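The values are calculated or read from the model by the stated rules, or taken from the named source; none is laboratory data. As the structure is a computational prediction, the values presented were derived from the model and not from experiment. As a convention, Cβ positions derive from the backbone with ideal geometry for all residues, glycine included, and neighbour counts pool all protein chains shown. The accessibility values were calculated without ligands, DNA or RNA, using every heavy atom of the protein model including side chains. Shrake-Rupley method; radii C 1.70, N 1.55, O 1.52, S 1.80 Å.
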Amino acid sequence: MRAVAALFLMAAPAGPVFEDATAALGIHFKHEGSPTSSKYLIETMGGGVALFDIDNDGRLDIFFANGAALLDPMTTGQQPDKSNAKYANRLYRQKPDGRFEDVTARAGVRGSNYAMGVATGDFDNDGYMDLYVTGYGANALYRNNGDGTFADVTAKSGTRAHGWSTSAGFFDYDRDGDLDLFVGRYVDMTFENNRYCGEKKPGGRAYCHPDNYAGVANMLFRNNGDGTFTDVSKTAGIANPDGKTLGISFADFDNDGWPDVYAANDSVRCFLYRNKGDGTFEDVALAAGTGFNEDGKTFAGMGTHFADYNNDGRADIVVTDLSNERYILYRNNGDGSFADVTTESGLGRATHPYSGWSTAFLDYDNDGWKDLFVAQGHVMDTIAQISSNLRYLQPPLLLRNARGQLSPAGAGVLPSGDWAGRGAAFGDIDNDGDLDVVVANVNQNAYVLRNQGGNRNGWIRLTLRGKKSNRDGLGARIKVTGASGLEQSYSVTTAVGYQSASDKRLVIGLGQDRTARLEIHWPAGGVQLFASVTAGQTVTAIEP
């Protein structure tokens, strides 16, 4: 018995672990994708999740995008039906005791379409985070009233869009002090053009590959500052009809002060939109080396994050994709180009059998190096019948970053279990100084992974409040220098992963350092310094 106990102790993780806190927190959400024998592609994509504070009480709340009822088959002119309560989008408010309550009905965000993604941002600079929900057929913009309720301002704002929208995000591309909106769109699939794919036998039908459908252009809405937006997609240069976008992320990859956009496309070339600073973008993916993988091939780009993983002060790019493709990591060379370091970093070896969706570089152990989390699950529910070595349900993945080298965090760090993972959002739910994760699964219950700490590493939580810049400082670049000399950089954004939105606050790990210097480059152009910040506290930086 003593020998068994000793073996168990030796195998235990030597650092933070995540516990499944879903039931303890009172979260009871199940995604309803309404799967049919007609195998409509929208059934496979799941819904996104958002972590944001709806009422400024300092506690993160959770929003889930949900599907709608589909007939089997859908006939001409019919639309998905969201009237049944089980298909409602769900908003959970965190109470002072840390548990959550369902406030969907009172908040007015149950939705009316087959929802896909979610974006968060204070588009009217009134101090309250607003909500944009993408979906199949139309999108919705909800303005936060500041009293726990939201107003549907879609029609007035001009942001309804059309077609099939996936990931979206708020960012201030023109640096005029208010947030604009980028909307990723997938393929031109309708219920009328749904094709038969797979074998012509009972039970042989499968979901079609996106190659069977034409792509559609992404959209960019410029904030007019009066509650309305203007569609500037064409004039801004981002309306490429060949895209099939599933994930988007923002960062200033060339450190010129203007936020850029990476769009992960499914089985067609990915886009890297460099902001030219004059209201237009240039797709530089081919020249930069981020359009294809290291073999010069396209891949099933799904989730993405634009972040500095190797602490060299430049934003790098990670992209998830399907099993047998290996997730992609592009290291920023600092000269406008990127190097595919999928193999070199260890990412390829660790991800070959998996299919990844929402992802983020997050420092789960606060050692000053951003680790990688991925929500996983294959897109095809019949994949095991086609490839016996692959599985539809897959475990989430956490890779630890050891000075730029990525490897599995080890047994016991994440709870066991296989899922059809899709959306994931990241933030410090319990305000204890480490990052937690909420994962939304297609046609399954969502779950919350609470970070249990387990080390003595220092941390600083940073909140921005813009004056000349947008109120939340989205697009700001943060340089962090620890007392030991460890340097890190961060981009402030809520658009992370796949169809999801994460907390706008930064949790910065400091390792063994107990003080750090913060250098904030505000979107409006100013630089603010905090010479020595003590670990273990929240800093609210107000733009000078």
Two-decimal log10 I(q)/I(0) for the range 305-442, as the Debye equation yields it once each C-alpha is a single scatterer, q = 0.14 Å⁻¹ | -0.64
Report the calculated FRET efficiency for VAL527 and ASN445 (r = Cβ-Cβ distance, R0 = 56 Å), to the nearest 0.05.
-> 0.80
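Let me know the whole percent of all Cα-Cα pairs from the range 412-544 that are separated by more than 22 Å.
It works out to 44 percent of all Cα pairs.
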From the Cα centre of the range 423-464 to that of the range 133-156, the distance in Å is 26
For the charge dipole of the range 395-529, defined by +1 on Lys and Arg C-beta atoms and -1 on Asp and Glu C-beta atoms about the Cα centroid, which residue among GLY482, THR463, ILE520 has the Cα displaced farthest towards the positive pole?
-> ILE520
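Considering only protein heavy atoms, what per residue accessible area in square angstrom results for the range 408-462 with a 1.4 angstrom probe?
Each residue of the range 408-462 exposes 31 Å² on average to a 1.4 Å probe.
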How big is D, in µm² s⁻¹, for the range 244-291 by Stokes-Einstein at 37 °C and 0.692 mPa s if Rh is the Kirkwood radius over C-alpha pairs?
-> 303
Where the only charges are on Cβ atoms (+1 Lys, Arg; -1 Asp, Glu), what is the dipole of the chain about its Cα centre, to the nearest 20 debye?
-> 900
So how far apart, in nm, are the two label points at LYS200 and LYS467 if each is 7 Å from Cα heading toward Cβ?
-> 7.2
Probe 1.4 Å, accessible area per residue of the range 42-155, Å² | 32
Hey, if you put +1 on the Cβ of every Lys and Arg and -1 on every Asp and Glu Cβ in the chain, which of PHE253, GLY127, SER167 ends up farthest toward the positive end of that dipole?
-> SER167
So what is the relative contact order for the chain, in percent, with contacts set as C-alpha pairs under 8 Å and at least six apart?
-> 15
Tell me, what is the percent relative contact order of the range 210-348, built from C-alpha pairs under 8 Å that lie six or more residues apart?
-> 17
Binned at 5 Å starting from 0, the alpha-carbon pair-distance distribution of the range 252-338 in whole percents comes out as 3, 16, 27, 26, 17, 8, 2, 1, 0
Once amide H atoms are built 1.01 Å from N in the peptide plane, which residues 5 or more positions from LYS467, or in another chain, come under 5 Å H to H?
-> GLU543
Listed by chain and number, the lysines with an alpha carbon less than 19 angstrom from that of LYS200, same-chain partners under 8 positions apart left out, are LYS39
Gain in span if fully extended, ASP97 to SER407, counting 0.36 nm per residue against the direct Cα distance = 108.0 nm
Points 7 angstrom from Cα along the Cβ direction at LEU286 and HIS28: gap in nanometres?
-> 5.5
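Please label the shape of the chain as rounded, prolate or oblate, based on the square roots a ≥ b ≥ c of the eigenvalues of the alpha-carbon gyration tensor (a/c under 1.5 means rounded; beyond that, a/b larger than b/c means prolate, else oblate).
In terms of gyration-tensor shape, rounded.
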Would you list the P(r) distribution for the range 44-151, with all Cα-Cα distances sorted into 10 Å bins from 0 and each bin expressed as a whole %?
-> 15, 46, 27, 9, 2
Could you tell me whether the range 425-486 comes out rounded, prolate or oblate from its Cα gyration tensor? Rule is a ≥ b ≥ c as square roots of the eigenvalues, rounded for a/c under 1.5, then prolate if a/b exceeds b/c, otherwise oblate.
-> oblate
May I ask for the percentage of alpha-carbon pairs in the range 37-86 that lie more than 15 Å from each other?
-> 61
Taking only C-alpha pairs under 8 Å that are 6+ residues apart, what is the relative contact order of the range 458-524 in percent?
-> 45
Starting from the Cα of LYS86, draw a straight line to each of the lysines and keep only those under 18 Å, dropping any in the same chain fewer than 8 residues away.
-> LYS30
According to the Cα gyration tensor, what semi-axes, each the square root of 5 times an eigenvalue, does the equivalent ellipsoid of the range 200-304 have, listed from largest to smallest in whole Å?
-> 30, 19, 11
With only alpha-carbon atoms counted, please give the Rg and Dmax of the range 391-438, in Å.
-> 12.6, 36
Of all accessible heavy-atom area on the chain, the percent that carbon and sulfur account for (1.4 Å) = 49
Using every Cα-Cα pair within the range 111-218, state what percent have a distance larger than 25 Å.
-> 34
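Rolling a 1.4 Å sphere over the protein heavy atoms, what is the accessible area per residue of the range 156-231, to the nearest Å²?
For the range 156-231, the per-residue accessible area is 39 Å².
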Based on the Cβ-Cβ distance from THR36 to ASP226, what FRET efficiency comes out when R0 is 35 Å, to the nearest 0.05?
-> 0.25
